[in-house]
1. Only one of 63, 54 is over 17 Å from residue 11 (Cβ atoms), out of contact with any strand residue (DSSP E or B) (no Cβ under 7 Å at 6 or more places or on another chain) and loosely packed, with under 11 Cβ neighbours inside 10 Å. Can you tell me which?
2. How many residues, within the stretch 24-51, are over 17 Å from residue 14 (Cα atoms) and either in contact (Cβ under 8 Å) with a residue 12 or more places away in the chain or surrounded by 11 or more Cβ atoms within 10 Å (Cβ to Cβ) (or both)?
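Any read-out appearing in this document is the output of simple, stated calculations on the displayed coordinates, not a laboratory observation. Keep in mind that what you see is a predicted model, and the values were worked out from it rather than measured. Cβ sites come from the backbone with ideal geometry, for glycine too, and all protein chains shown count toward neighbours.
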């Protein structure tokens, strides 16, 4: 069976903080093997209740990164 997504298990995601609708959020970047470059992977938005995280919403469309002030790539 052919998988259209590269294997990510164990990959060290790099996170960059931002905000989405006043909620804390993070742009996550997946390293490109054998380089010092990381490409956009997903946006994670935290929902807080008091001082606890009650939900994490994951957005896999990295084209929204510039709208949140996130770089298109990390070096």
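1. 63
2. Residues flagged as over 17 Å from residue 14 (Cα atoms) and either in contact (Cβ under 8 Å) with a residue 12 or more places away in the chain or surrounded by 11 or more Cβ atoms within 10 Å (Cβ to Cβ) (or both) within the stretch 24-51 amount to 2.
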